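Q: Sharing a structure, written as structure tokens. Questions coming.
A short reminder: the numbers here are calculations on the coordinates, not readings from a lab. Just so it is clear, the structure is predicted and the values come from calculations on it, not from any experiment. Counting neighbours? That spans all protein chains shown, and the Cβs are built from the backbone with ideal geometry, glycine included.
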Amino acid sequence: MSLSPDQEAIARWFADGVANDARAQNVVVRACAGSGKTYALLAGIARAPETRAPYMTLLAAFNKAIAGE
């Protein structure tokens, strides 16, 4: 499954810290249910330099269904 342009922007932020053509320390994702937020976040985490050894990544979820993903 490929990423939409908005999802690609989220994933790119994880890789290089750039959002909307500007360096950003934080990113906020606002979207409706079922729009692919979790998919985009997981794609971004896979690109983050911190997910490569020897680093570890902690993910927190506020929903049991999401935690299972």
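Q: Between Ala43, Ala33, Ala24, which gets the highest mean-square fluctuation from a Gaussian network model of the chain, Cα cutoff 10 Å?
A: Ala33
Q: Using 1/(1 + (r/R0)^6) with R0 = 30 angstrom and r between the beta carbons of Met1 and Ala61, what's the FRET efficiency to the nearest 0.05?
A: Efficiency at R0 = 30 Å is approximately 0.90.
Q: Report, as a whole number in µm² per second, the diffusion coefficient that Stokes-Einstein gives for the chain at 4 °C and 1.567 mPa s using the Kirkwood radius over alpha carbon pairs.
A: Details: Rh = 12.9 Å.
It comes out at roughly 100 µm²/s.
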